[in-house]
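K.L.:
The structure is given below, and queries will be raised subsequently.
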Amino acid sequence: MLHEGNIYLMDYAIKNMPNEGIVFEIGSYAGLSTNVMLHLLNKHNKKHLFIGCDAWIYEGFKDHEGTINDHIDGSDTITRTEYVAYIKNAFINAINLLHPNTKPYSCHLTSDAFFKNWNTTNEFTDVFNRTFSIHQEISFCYIDGNHSYEQTKKDFENVVSKLKMNGFILIDDSAKYMNFGSAKFIKEIKKNVHFKIIDNNPNYLIQKIK
(Lines give C-alpha, C1' and ligand atoms only; values in the text may rest on other atoms or scores of the structure.)
Protein backbone atom coordinates (compact mmCIF):
# COMPACT_ATOMS: atom_id res chain seq x y z
CA MET A 1 0.00 0.00 0.00
CA LEU A 2 2.64 2.49 -1.11
CA HIS A 3 1.92 4.71 -4.10
CA GLU A 4 4.74 4.76 -6.64
CA GLY A 5 4.59 8.55 -6.61
CA ASN A 6 5.48 8.51 -2.92
CA ILE A 7 8.69 6.65 -3.71
CA TYR A 8 9.66 9.35 -6.21
CA LEU A 9 8.97 12.08 -3.66
CA MET A 10 10.78 10.21 -0.87
CA ASP A 11 13.79 9.88 -3.14
CA TYR A 12 13.76 13.62 -3.89
CA ALA A 13 13.39 14.57 -0.21
CA ILE A 14 16.10 12.23 1.04
CA LYS A 15 18.50 13.32 -1.69
CA ASN A 16 17.94 17.04 -0.97
CA MET A 17 17.21 17.18 2.77
CA PRO A 18 19.47 19.08 5.21
CA ASN A 19 22.70 17.27 6.04
CA GLU A 20 22.07 17.22 9.77
CA GLY A 21 18.92 15.83 11.38
CA ILE A 22 16.75 12.73 11.45
CA VAL A 23 14.29 11.02 9.12
CA PHE A 24 10.98 10.55 10.90
CA GLU A 25 7.98 8.38 10.02
CA ILE A 26 4.46 8.50 11.46
CA GLY A 27 2.71 5.25 10.59
CA SER A 28 4.85 2.23 9.74
CA TYR A 29 2.24 -0.55 9.34
CA ALA A 30 4.08 -3.67 8.09
CA GLY A 31 7.29 -1.90 7.12
CA LEU A 32 7.06 -1.31 3.37
CA SER A 33 7.58 2.46 3.48
CA THR A 34 10.19 2.12 6.22
CA ASN A 35 12.27 -0.32 4.19
CA VAL A 36 11.95 1.82 1.07
CA MET A 37 13.26 4.88 2.92
CA LEU A 38 16.07 2.89 4.53
CA HIS A 39 17.04 1.75 1.02
CA LEU A 40 16.96 5.35 -0.25
CA LEU A 41 19.12 6.53 2.65
CA ASN A 42 21.70 3.93 1.65
CA LYS A 43 21.34 4.80 -2.04
CA HIS A 44 22.18 8.45 -1.37
CA ASN A 45 24.81 7.62 1.26
CA LYS A 46 22.91 9.46 3.98
CA LYS A 47 23.78 8.76 7.61
CA HIS A 48 20.66 10.30 9.15
CA LEU A 49 19.10 8.44 12.06
CA PHE A 50 15.72 6.92 11.17
CA ILE A 51 13.04 7.15 13.86
CA GLY A 52 9.35 6.27 13.65
CA CYS A 53 6.18 5.45 15.51
CA ASP A 54 3.00 3.49 14.92
CA ALA A 55 0.04 2.84 17.21
CA TRP A 56 -0.71 -0.44 15.40
CA ILE A 57 -4.44 0.03 15.86
CA TYR A 58 -6.90 -1.60 13.47
CA GLU A 59 -9.41 0.82 11.97
CA GLY A 60 -12.49 -0.79 10.42
CA PHE A 61 -14.45 0.60 7.48
CA LYS A 62 -17.39 1.53 9.70
CA ASP A 63 -15.54 2.66 12.82
CA HIS A 64 -16.32 6.29 12.00
CA GLU A 65 -20.03 5.40 12.14
CA GLY A 66 -19.69 3.96 15.62
CA THR A 67 -20.05 0.37 14.39
CA ILE A 68 -17.13 -1.34 16.10
CA ASN A 69 -16.81 -5.07 16.71
CA ASP A 70 -14.02 -7.31 17.97
CA HIS A 71 -13.08 -8.75 14.57
CA ILE A 72 -11.60 -7.34 11.41
CA ASP A 73 -13.83 -6.54 8.45
CA GLY A 74 -14.84 -9.61 6.48
CA SER A 75 -13.83 -12.17 9.09
CA ASP A 76 -15.54 -13.80 12.04
CA THR A 77 -12.39 -15.61 13.15
CA ILE A 78 -9.61 -12.99 13.15
CA THR A 79 -9.78 -10.53 16.02
CA ARG A 80 -8.45 -7.00 15.82
CA THR A 81 -5.93 -7.81 18.54
CA GLU A 82 -4.62 -10.81 16.60
CA TYR A 83 -4.45 -8.86 13.37
CA VAL A 84 -2.49 -5.87 14.70
CA ALA A 85 -0.10 -8.22 16.54
CA TYR A 86 0.50 -9.96 13.21
CA ILE A 87 1.14 -6.65 11.40
CA LYS A 88 3.52 -5.42 14.11
CA ASN A 89 5.45 -8.69 13.94
CA ALA A 90 5.48 -8.41 10.15
CA PHE A 91 7.13 -5.00 10.52
CA ILE A 92 9.77 -6.36 12.89
CA ASN A 93 10.45 -9.38 10.66
CA ALA A 94 10.70 -7.24 7.51
CA ILE A 95 13.24 -4.92 9.11
CA ASN A 96 15.28 -7.81 10.51
CA LEU A 97 15.34 -9.45 7.08
CA LEU A 98 15.99 -6.47 4.81
CA HIS A 99 17.91 -3.98 6.98
CA PRO A 100 19.37 -5.85 9.96
CA ASN A 101 22.36 -3.48 10.22
CA THR A 102 20.46 -0.19 9.83
CA LYS A 103 17.34 -0.79 11.90
CA PRO A 104 15.17 2.26 12.56
CA TYR A 105 14.26 3.27 16.08
CA SER A 106 10.54 2.49 15.78
CA CYS A 107 8.21 2.85 18.75
CA HIS A 108 4.81 1.35 19.48
CA LEU A 109 3.24 4.72 20.27
CA THR A 110 0.66 7.06 18.84
CA SER A 111 2.19 10.15 17.28
CA ASP A 112 0.66 12.26 20.08
CA ALA A 113 2.30 10.09 22.74
CA PHE A 114 5.60 10.12 20.86
CA PHE A 115 5.81 13.91 20.73
CA LYS A 116 4.69 14.19 24.34
CA ASN A 117 7.64 11.98 25.32
CA TRP A 118 9.97 13.93 23.05
CA ASN A 119 8.95 17.19 24.69
CA THR A 120 9.25 15.89 28.26
CA THR A 121 11.41 12.93 29.23
CA ASN A 122 12.90 12.33 25.77
CA GLU A 123 13.30 8.68 26.71
CA PHE A 124 12.12 5.93 24.37
CA THR A 125 12.20 2.15 24.01
CA ASP A 126 11.68 0.82 20.49
CA VAL A 127 10.15 -2.44 19.23
CA PHE A 128 13.64 -3.96 19.11
CA ASN A 129 14.00 -3.30 22.88
CA ARG A 130 16.58 -0.55 22.44
CA THR A 131 16.49 2.65 24.47
CA PHE A 132 17.28 5.99 22.86
CA SER A 133 16.84 9.76 23.04
CA ILE A 134 16.63 12.33 20.24
CA HIS A 135 19.20 15.08 19.96
CA GLN A 136 18.56 16.43 16.46
CA GLU A 137 15.69 18.03 14.57
CA ILE A 138 13.81 16.49 11.65
CA SER A 139 15.23 16.75 8.12
CA PHE A 140 12.46 14.74 6.43
CA CYS A 141 9.16 13.37 7.72
CA TYR A 142 6.68 11.00 6.11
CA ILE A 143 3.22 11.42 7.66
CA ASP A 144 1.09 8.33 7.12
CA GLY A 145 -0.90 7.95 10.34
CA ASN A 146 -4.51 8.76 11.08
CA HIS A 147 -5.78 10.48 7.91
CA SER A 148 -8.48 12.59 9.57
CA TYR A 149 -8.22 16.37 9.12
CA GLU A 150 -7.78 16.93 12.86
CA GLN A 151 -4.98 14.39 13.32
CA THR A 152 -3.20 15.32 10.10
CA LYS A 153 -3.13 18.94 11.26
CA LYS A 154 -1.88 17.92 14.70
CA ASP A 155 0.81 15.65 13.23
CA PHE A 156 1.89 18.42 10.86
CA GLU A 157 2.13 20.98 13.67
CA ASN A 158 4.08 18.58 15.89
CA VAL A 159 6.51 17.80 13.09
CA VAL A 160 6.93 21.46 12.16
CA SER A 161 7.88 22.24 15.77
CA LYS A 162 10.91 19.96 15.26
CA LEU A 163 11.55 20.54 11.54
CA LYS A 164 14.82 22.01 10.31
CA MET A 165 14.85 24.92 7.90
CA ASN A 166 14.63 23.54 4.34
CA GLY A 167 13.38 20.25 5.76
CA PHE A 168 10.67 18.25 3.97
CA ILE A 169 7.29 16.74 4.86
CA LEU A 170 5.47 14.22 2.68
CA ILE A 171 1.78 13.70 3.55
CA ASP A 172 0.25 10.42 2.39
CA ASP A 173 -3.26 10.39 0.87
CA SER A 174 -3.22 14.14 0.32
CA ALA A 175 -3.86 14.11 -3.44
CA LYS A 176 -6.39 16.56 -4.88
CA TYR A 177 -8.87 13.86 -5.89
CA MET A 178 -8.91 12.16 -2.47
CA ASN A 179 -11.60 12.66 0.16
CA PHE A 180 -9.40 12.16 3.23
CA GLY A 181 -8.94 14.84 5.85
CA SER A 182 -5.26 14.78 4.95
CA ALA A 183 -6.15 16.01 1.46
CA LYS A 184 -8.37 18.78 2.83
CA PHE A 185 -5.57 19.98 5.11
CA ILE A 186 -3.35 20.74 2.10
CA LYS A 187 -5.53 23.80 1.36
CA GLU A 188 -4.24 25.37 4.58
CA ILE A 189 -0.61 24.61 3.80
CA LYS A 190 -0.91 26.29 0.40
CA LYS A 191 -1.80 29.55 2.18
CA ASN A 192 1.10 29.32 4.64
CA VAL A 193 4.05 31.46 3.53
CA HIS A 194 6.44 29.41 5.65
CA PHE A 195 6.10 26.43 3.32
CA LYS A 196 6.60 25.66 -0.34
CA ILE A 197 4.88 22.94 -2.33
CA ILE A 198 7.69 21.05 -4.04
CA ASP A 199 5.53 18.59 -5.98
CA ASN A 200 2.34 16.54 -5.89
CA ASN A 201 2.71 13.11 -7.42
CA PRO A 202 -0.17 12.74 -6.57
CA ASN A 203 0.49 13.32 -2.81
CA TYR A 204 2.11 16.51 -1.59
CA LEU A 205 5.75 17.07 -0.71
CA ILE A 206 6.25 20.29 1.27
CA GLN A 207 9.40 22.19 2.25
CA LYS A 208 9.89 24.61 5.14
CA ILE A 209 11.32 27.83 3.70
CA LYS A 210 10.81 30.41 6.48
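The values are calculated or read from the model by the stated rules, or taken from the named source; none is laboratory data. Quick caveat: nothing in here was measured; it's all calculated off a predicted structure. Here the Cβ is made from the backbone with ideal geometry for all residues, glycine too, and neighbour counts use every protein chain on show. Heads up: the accessible areas ignore ligands, DNA and RNA and are worked out on the full protein's heavy atoms, side chains in. Shrake-Rupley method; radii C 1.70, N 1.55, O 1.52, S 1.80 Å.
K.L.:
Report the paramagnetic label zone for Arg130: residues of region 22-43 whose backbone N is under 14 Å from a point 7 Å from Cα along the Cα-to-Cβ axis.
P.N.:
23, 38
K.L.:
Within 10 Å, Cβ to Cβ, of Glu137, how many net charges do the neighbouring residues add up to if Lys/Arg are +1 and Asp/Glu are -1?
P.N.:
That sum, taken over residues with Cβ under 10 Å, equals +1.
K.L.:
May I pose another question? For region 85-210, calculate the relative contact order in percent as a whole number, restricting contacts to Cα pairs under 8 Å that are 6 or more residues apart.
P.N.:
18
K.L.:
Which value at 222 nm does the chain reach when only helices count, each DSSP H run of 4 or more adding -39,500 (n - 2.57), with the total divided by all residues and rounded to the nearest 500 deg cm²/dmol?
P.N.:
Taking each H run of at least 4 residues, the total per residue is -11000 deg cm²/dmol.
K.L.:
Pull out the extension gain between Lys196 and Glu4, defined as 0.36 nm times the separation in residues minus the alpha carbon to alpha carbon distance; nm, one decimal.
P.N.:
Gain on extension, Lys196 to Glu4, equals 66.9 nm.
K.L.:
Taking loop as defined by DSSP and a crowding limit of 15 other beta carbons within 10 Å, which GluC sites (Glu not before Pro) in region 114-163 fit?
P.N.:
Glu123
K.L.:
Please get the size of the charge dipole for the chain, origin at its Cα centre, with Cβ charges of +1 on Lys and Arg and -1 on Asp and Glu, quoted in debye to the nearest 20.
P.N.:
Around 1020 debye, computed over the chain.
K.L.:
Only Lys, Arg, Asp and Glu count, each charged at its Cβ (+1, +1, -1, -1), so figure out the dipole size of region 1-120 about its Cα centre, rounded to 20 debye.
P.N.:
Here the size comes out at about 700 debye.
K.L.:
Output ³J(HN,Hα) for region 82-94: one whole-Hz value per residue in order, computed from phi by the Karplus curve 6.51 cos²θ - 1.76 cosθ + 1.60 with θ = phi - 60°, and x for Gly and Pro.
P.N.:
Once θ is set to phi - 60°, the couplings for region 82-94 become 5, 5, 5, 5, 5, 5, 4, 5, 4, 4, 4, 5, 5 Hz.
K.L.:
Right, next: Check cross-link reach from Lys116 to the lysines: straight Cα distance under 21 Å, and skip same-chain residues fewer than eight apart.
P.N.:
Candidates past the 8-residue exclusion: Lys153, Lys154, Lys162, Lys164.
K.L.:
Report in % the part of the accessible area of the chain that belongs to carbon and sulfur, leaving out ligands and nucleic acids; probe 1.4 Å.
P.N.:
Of all accessible area on the chain, carbon and sulfur atoms account for 50 percent.
K.L.:
For region 103-210, with only Lys/Arg (+1) and Asp/Glu (-1) charged at the beta-carbon, what is the dipole magnitude about the Cα centre, in debye rounded to 20?
P.N.:
420
K.L.:
Sequence neighbours fewer than 8 away in the same chain don't count; with that in mind, list the aspartates and glutamates whose C-alpha is under 18 Å from Lys15.
P.N.:
By straight Cα distance, Lys15 reaches Glu4, Glu25, Glu137, Asp199.
K.L.:
Here's something else I'd like to know. Amide H neighbours of Ile198 under 5 Å, at least 5 residues apart or on other chains, H built in the peptide plane: list them.
P.N.:
Leu205, Ile206, Gln207
K.L.:
Can you work out ³J(HN,Hα) from phi for every residue in region 38-43, in order, using Karplus 6.51 cos²θ - 1.76 cosθ + 1.60 and θ = phi - 60°, giving whole Hz and x for Gly and Pro?
P.N.:
Taking θ as phi minus 60°, the curve returns 4, 4, 5, 4, 5, 4 Hz for region 38-43.
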